[in-house]
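The values are calculated or read from the model by the stated rules, or taken from the named source; none is laboratory data. Note that the structure is a prediction, hence the values are computed from the model and not measured. Don't worry about glycine lacking a Cβ; one is built from the backbone with ideal geometry, like all the others, and counts go over all protein chains shown. For the accessible areas, the whole protein counts, side chains as well, though only heavy atoms, and no ligand, DNA or RNA atoms are used. Shrake-Rupley method; radii C 1.70, N 1.55, O 1.52, S 1.80 Å.
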2 protein chains.
Amino acid sequence: MSGPEGASLPTSRRQQIIEVAAGLFAERGFHGVSIYDLGAAMGTSGAALYKHFASKDALLGAMLVDISERLLSEGQQRADAAAEEGPDVVLAALIAWHVEFALTHPALITVQLRDLASLSEEDRKTVRRLQRRYVELWVDAVSAAVGADEAHARSAAHAVFGMINSTPHSALLGRDDMAGQLQRMAHAALHACRS
Amino acid sequence: MSGPEGASLPTSRRQQIIEVAAGLFAERGFHGVSIYDLGAAMGTSGAALYKHFASKDALLGAMLVDISERLLSEGQQRADAAAEEGPDVVLAALIAWHVEFALTHPALITVQLRDLASLSEEDRKTVRRLQRRYVELWVDAVSAAVGADEAHARSAAHAVFGMINSTPHSALLGRDDMAGQLQRMAHAALHACRS
DNA sequence: TCGATAACTGAGACGAGGTTAACAAACGAT
DNA sequence: ATCGTTTGTTAACCTCGTCTCAGTTATCGA
């Protein structure tokens, strides 16, 4: 057992860098932020980054893999917890969770939407795999709740992701008000998805 | 007068470059595509670009200003044409137009969402101004059709843009089916936007 | 006091990519 | 035939950004 190489301990500093980087990447895009910028935002030189991440790409990888895992595991948990109360409650739980996440971490949402293509082959595969499982959660819930076939449920789920994930770009209206509106709109949209 | 500097004549070759570039930018992002890549896709060298655009940034600018203008002018036209038939018809016309555009030009939608930050100061202002006017079109229509106050209508409009603009990432389901579903979902979502 | 570890600095190698310059070929109009 | 326009080529330039490396400071437990 040696250093901070394992992905287990947050090491505080690593996490701190990820959070600052998320803000900058969301503003200017991954390629629009240099190592120097990153260091400046941390109050250090640019080179200091390499004590914590193998490369700039690895930093982005850690960021996106982390949020994909959080979205999935918490979504899974909440869906399971609501399972007994019927499909409508499961769907409501998923919607509430995604809305909460998007409103709490707008920067992460922005980066995941925009800079997924800048990921290394391996990290991209990991993120895609996690995202796919998260989508499955939704597809099952939508199918069960509104009685749509799989193809329609899937495209409807993607559409609702697009809707909820767009909040970083608007974000007027105050958090609670916004959350309520998004949830109402998501429910209405999903119930209108079958032909 | 002289050369191809005026924004009036499409010059064919310019437009051709813009279309090819849109595809590449959508795939890999503006910074992920080099001048060399661009030339290769056109069957020329990279430097040939500079006979048609002052810079790589100017190419992106022409692309984004153009789609913003098209979205607005056609939206304006269709809204005006439907005005006599009442607010519901106006809203339906806007939804139909946006869905049609997003399904026809997925690459342009992707680039406009992702690479707006890479624009020069001046071009960004121009695009923002056009977008703002387009949003106004929607805010008015939503307010009139569903009786929401301006703030709610505005954030609802942004949310629906997010939903419709997400189609480039999913795009299963066949065009007509997809168009129908998106329109139904958009209507339902907008009618659920008031508290 | 000493050594280990974490965190950082400054300088520079290195490559990638945007841009420019000088030159060439096709082509229509006078 | 010749001129101008359009479009393209090759080669070089130059800036910018990533990453490496050798050395530095600070903290902390033994």
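Summary table
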{"item": "Pairs, first over 23 Å from residue B:90 (Cα atoms) in segment B:122-137, second surrounded by 13 or more Cβ atoms within 10 Å (Cβ to Cβ) and among the β-branched types (Val, Ile, Thr), C-beta under 8 Å, six or more apart", "result": "B:123/B:65; B:126/B:65; B:127/B:65"}
{"item": "Cross-chain or 6+ apart pairs with Cβ under 8 Å, segment A:52-63 first and farther than 22 Å from residue A:129 by Cα, then part of a helix (DSSP H, G or I) and small (Gly, Ala, Ser)", "result": "A:53/A:62"}
{"item": "Hits in segment A:168-189 - residues which are under 24 Å from residue B:180 (Cα atoms) and touching a helix residue (DSSP H, G or I) at 6+ places or on another chain (Cβ under 6 Å)", "result": "A:182, A:183, A:185, A:186, A:188, A:189"}
{"item": "Helices (runs of 4 or more DSSP H) contained entirely in segment B:25-129, each with at least 2 residues that are surrounded by fewer than 17 Cβ atoms within 10 Å (Cβ to Cβ) and at negative phi", "result": "B:35-42, B:56-82, B:87-104"}
{"item": "Selected residue (criterion: nearest to the chain's Cα centre (by Cα)) from residues of segment B:64-90 that are touching a residue at least 60 places away in the same chain (Cβ under 8 Å) and within 23 Å of residue B:146 (Cβ to Cβ)", "result": "B:71"}
{"item": "Flag if residue A:159 is within 14 Å of chain B (Cβ to nearest Cβ), assigned to a helix (DSSP H, G or I) and touching a Gly at 6+ places or on another chain (Cβ under 6 Å)", "result": "no"}
{"item": "In segment A:162-176, residue least open to solvent (accessible area, probe 1.4 Å) [restricted to those that are without any contact (Cβ under 8 Å) to a residue 40 or more places away in the chain and more than 7 Å from chain B (Cβ to nearest Cβ)]", "result": "A:174"}
{"item": "Every residue from segment A:135-156 that is more than 14 Å from every other protein chain (Cβ to nearest Cβ), touching a helix residue (DSSP H, G or I) at 6+ places or on another chain (Cβ under 7 Å) and crowded, with 17+ Cβ neighbours inside 10 Å", "result": "A:137, A:141, A:143, A:145"}
